[in-house]
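Since every read-out is calculated from the coordinates, none of them should be taken as a lab result. Please read all numbers here as calculations on a predicted model, not as lab measurements. Here the Cβ positions follow ideal geometry from the backbone for every residue, glycine too, while neighbour counts run over all protein chains shown.
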Amino acid sequence: MDPLLDFTDKVAVITGAASGFGKLLARELGVRGARVVIGDINAAELDKVAADLEAQGISAAARCCDVSSEEDCRALVDTAVQLYGRLDLAINNAGIAHGFVPIHELTGELLDQQINVNVKGVMYGMKYQIAAMKNNGGGAIVNTSSMAGLGAAPKIGAYAAAKHAVIGLTRTAAVEYGRKNIRVNAVCPYYTLTPMLEGNNGLASDESAAQTLAMMAAGSPMKRVGQPEEIVAVMMMLLSPANTYMNGQAIAVDGGVSAF
Ligand SMILES: NC(=O)c1ccc[n+]([C@@H]2O[C@H](COP(=O)([O-])OP(=O)(O)OC[C@H]3O[C@@H](n4cnc5c(N)ncnc54)[C@H](O)[C@@H]3O)[C@@H](O)[C@H]2O)c1
């Protein structure tokens with residue numbers, strides 16, 4: 001296998017793996033040899049994903065978890081170490097969006113939800129993942145932020161605050177653990193066609209999904225939103241065993257939006 005994408009025997013933990021990027025990433029890592037421990041709050045869908053992976057000959061273990069719970073994040077890492085003896089890769093990807101609300105209508109409740117899942121999920125995740133990686137000489141972590149973590153995100157202010165925090169945690173962890181050979185980077189997608197964007201989870205819930213998508217596509221130099229495969233390709237690059245010196249970066253995958 002091409003060493004750039006040879007994940008043979010690597011052990012990976014992926015959160016938010018019942019859907020969207022996490023689900024696809026589990027398969028892409030698995031078909032290239034990784035053993036994957038997948039976590040999600042949606043137990044029913046998660047079990048289906050694990051069964052599909054196993055049917056493709058991928059070694060996969062599912063563990064229902066709520067990433068806002070420190071105990072659940074610890075248990076997910078423990079599962080990987082108990083089953084496979086180590087942890088090499090971690091992708092803190094579980095996240096929630098919210099409907100369009102201008103800043104003057106934001107509530108503390110909305111911000112709390114965002115912080116609990118999108119920020120604490122990454123912090124608790126890295127806390128236990130790093131502890132495990134230190135025991136096996138290093139590893140690579142990818143945190144899913146957003147273009148909303150790099151700049152203004154009109155009407156999704158609480159989400160923007162949380163995704164900026166993900167980048168702060170990413171950069172800090174990269175500096176703290178670089179000497180332990182643990183690389184920590186963030187991926188920052190623009191609007192991408194996953195169930196989150198299709199309206200089930202929030203981003204598009206206040207206006208028709210079609211209208212929102214058309215607006216977001218028009219705002220991109222490539223005149224379209226992203227496909228999940230295009231984001232997962234960059235996650236794979238960030239995790240690649242050949243990518244040994246990239247650390248503390250927040251990579252925009254946005255069709256050029258941030259180039260304006
Ligand atoms: N799709 C986009 O346009 C887009 C753009 C930028 C960033 N993102 C980020 O990408 C990540 C993945 O999103 P996606 O687009 O694949 O969406 P998705 O809705 O398809 O997948 C998100 C998954 O996270 C899970 N989840 C939600 N809350 C959880 C919790 N508390 N504990 C455990 N799991 C939980 C959901 O059940 C779901 O399976 C998120 O962090 C999201 O904020 C998405």
Once the in-chain neighbours fewer than 8 apart are removed, the aspartates and glutamates whose Cα is under 16 Å from LYS223 read ASP254
If one builds a Gaussian network model of the chain from Cα atoms under 10 Å apart, the most fluctuating residue listed among ASN247, ASN42, ASN118 is ASN42
antiparallel share of DSSP beta bridges within the chain, to nearest 5, in %, is 0 percent
Out of ALA214, ALA250, ALA50, a Gaussian network model of the chain with alpha-carbon springs under 10 Å gives the largest mean-square fluctuation to ALA214
Of the convex hull enclosing the alpha-carbon atoms of the chain, the direction-averaged projected area in nm² is 13.2 nm²
So the angle from the long Cα axis of helix 228-239 to the longest Cα principal axis of the chain, reported in degrees to the nearest 10, equals 40 degrees
Helix 70-84 sits off the longest principal axis of the Cα atoms of the chain, rounded to the nearest 10 on a 0 to 90 degree scale, by 40 degrees
In degrees, nearest 10, the alpha-carbon axis of helix 157-177 is tilted away from the dominant principal axis of the alpha carbons of the chain by 30 degrees
From the Cα centre of the range 239-260 to that of the range 122-166, the distance in Å is 14 Å
Cα extents of the range 49-164 per principal axis, largest first, Å, are 49, 32, 24
Connecting every pair of Cα atoms under 10 Å apart in the chain and solving the GNM, the largest mean-square fluctuation among LEU193, LEU89, LEU76 falls on LEU193
For the range 127-260, the dipole about the Cα centre with charges only on Cβ (Lys and Arg +1, Asp and Glu -1), to the nearest 20 debye, works out at 580 debye
So, over other residues within a Cβ distance under 9 Å of TYR177, counting Lys, Arg +1 and Asp, Glu -1, the net charge is +3
Inverse of <1/r> over all distinct C-alpha pairs of the range 143-260, i.e. the Kirkwood Rh in Å, gives 15.0 Å
Check: in the range 15-161 the Lys pairs 8 or more apart or on separate chains whose Cα atoms fall under 29 Å apart number 9
Scoring the range 9-58 by relative contact order with C-alpha pairs under 8 Å, at least six apart, yields a percentage of 41 percent
Looking only at aspartates and glutamates whose Cα falls under 14 Å of LYS180's and that sit 8 or more positions away or on another chain, we get ASP88
